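Asks: Next up is a structure, given as structure tokens.
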Amino acid sequence: MKQLNFEAPINSLSIGNVSLNFLRELYKKGVDVNLYAIKDSVDLSAFSQIEDPFRDWLKESQSKRLKNFDKNTPTLKVWHIKGSEKSIGQNQFLYTFYEVDSPTEEEVNIVKSQKHVFFSSSESADVFKNKGCKNVSFVPLGFDEDFSVLKKEYLGSDVIHFGLIGKFEKRKNTGRIINSWLKLFGNNTKYQLTCLVANPFFSEEQTKKVISMSTGGIPYNNINFLSRMETNEEVNDLMNSVDIDLSGLSNGEGWNLPSFNSTALGKWSVVTNCSSHKDWATKENSILIEPDGMQDCYDNFFFAKGGEFNQGQYYKFEDTTIINAIKKSLDFAKKENKEGIKLQHDFSYSKSVDVILEKIKETLNK
């Protein structure tokens, strides 16, 4: 492939991390990239470990994008379905994420208009295939090489440290997980819970409100809310400090990077056996929890009923299911997850990019 346009957000959010890892593999594979960063912003502040040659390559790829503009050059766009009707040139390939079950006419039409759409979840790809989209496939994400196992001592062998990472959201059951954990272990200092759940789309007042609702407005001495972490290096340190990860107790995910990365670091994560989790979580590498049914997805914030996007249902887990899952996880505390560590090899961004590039080549040569 002579040239590839790459359009995506480059920032500290999950989709920004995915984009950066795709770019790193394109750089390693010698692909000539024209970088179109969403909003023309390249924010590398979270990626403290990237090397100067790659950083320079990113800068050059962005600076030459318009000099090299050609409407026939294939474009790989990493973005939501909403907004992907806009394209650079006429050969756009989309990598996207989908978490519900009822594609709207608008979503189906946008997907069909792409040369090809790669979904991060096999279940999502199948949902769109069932709606008549023949140009879709599943391509998994990979383990981020900025993360690694740290041989450090944290809270000690007599304290079980739980972690919850991911923006505060109804879909992720954030408030219910916190409330359930507090019912079991609140103010018992043999157990600690660290929450990195700040939602960048919430105001400070909204954040305080949802946290207060989760704790019942009661102060606890064994739960810690982190506002944010500046770098992936800090997030890696947090993941390594955790004995049990609760980030997988979600109603629906496009992949779930915090839970996946924690598992691949050898931690035990409580994971709901649904949506994209089924593409990487097994009974051998995760504490799997079965769904209690389905529910409407609407939260009047990210999912608004009657809209053109994100309609339908995702999975449901009762409070008792969440509580029992947390109890069950105690049997796995302080134990290395050897099967989880194998995920580092089984899922890599190098493999993902190889599949994507091969599909682009195959599609354009038809």
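Asks: Can you pull out the residues in the stretch 171-204 that are within 26 Å of the chain's Cα centre (by Cα) and over 28 Å from Val100 (Cβ atoms)?
Replies: Within the stretch 171-204, Leu182, Gln192, Leu193, Thr194, Glu204 meet the criteria.
Asks: In this structure, is Leu155 more than 23 Å from Ser348 (Cβ to Cβ), in contact (Cβ under 8 Å) with a residue 40 or more places away in the chain and not aromatic (Phe, Trp, Tyr)?
Replies: yes
Asks: Here's another thing I want to ask about it. For the condition in the same structural domain as Glu358 (by TED's automatic domain parsing) and at positive phi, what is the one hit in Lys39, Lys82, Lys28?
Replies: Step by step, each of Lys39, Lys82, Lys28 is checked, and only Lys39 is in the same structural domain as Glu358 (by TED's automatic domain parsing) and at positive phi.
Asks: So which residues in the stretch 27-67 are among the basic types (Lys, Arg), at pLDDT 95 or above and either surrounded by fewer than 18 Cβ atoms within 10 Å (Cβ to Cβ) or over 21 Å from Gln92 (Cα atoms) (or both), if there are any at all?
Replies: Lys28, Lys29, Arg55, Lys59, Lys64, Lys67
Asks: Please go through (1) part of a helix (DSSP H, G or I); (2) in contact with a helix residue (DSSP H, G or I) (Cβ under 8 Å, 6 or more places away or on another chain); (3) surrounded by fewer than 22 Cβ atoms within 10 Å (Cβ to Cβ) for Ile15 and return the number of the only condition it doesn't satisfy.
Replies: (2)
Asks: Of all residues in the stretch 198-236, which are β-branched (Val, Ile, Thr) and exposed (fewer than 12 other Cβ atoms within 10 Å of the Cβ)?
Replies: Ile218
Asks: Do we find a residue being more than 24 Å from Phe97 (Cα to Cα) and part of a loop (DSSP other than H, G, I, E, B) anywhere in the stretch 244-255?
Replies: No, the stretch 244-255 has no match at all.
Asks: Let me ask something additional. Which of the residues spanning the stretch 336-366 are within 17 Å of Lys283 (Cβ to Cβ) and not acidic (Asp, Glu)?
Replies: Within the stretch 336-366, Asn337, Lys338, Gly340, Ile341, Lys342, Leu343 qualify.
Asks: Considering only residues of the stretch 301-342 that are among the small types (Gly, Ala, Ser) and on the phi < 0 side of the Ramachandran plot, which is surrounded by the most Cβ atoms within 10 Å (Cβ to Cβ)?
Replies: Result: Gly340.
The values are calculated or read from the model by the stated rules, or taken from the named source; none is laboratory data. Worth saying up front: this structure is predicted, and the values here are computed from it rather than measured. Positions of Cβ are backbone-derived with ideal geometry, glycine not excepted, and every protein chain shown enters the neighbour counts.
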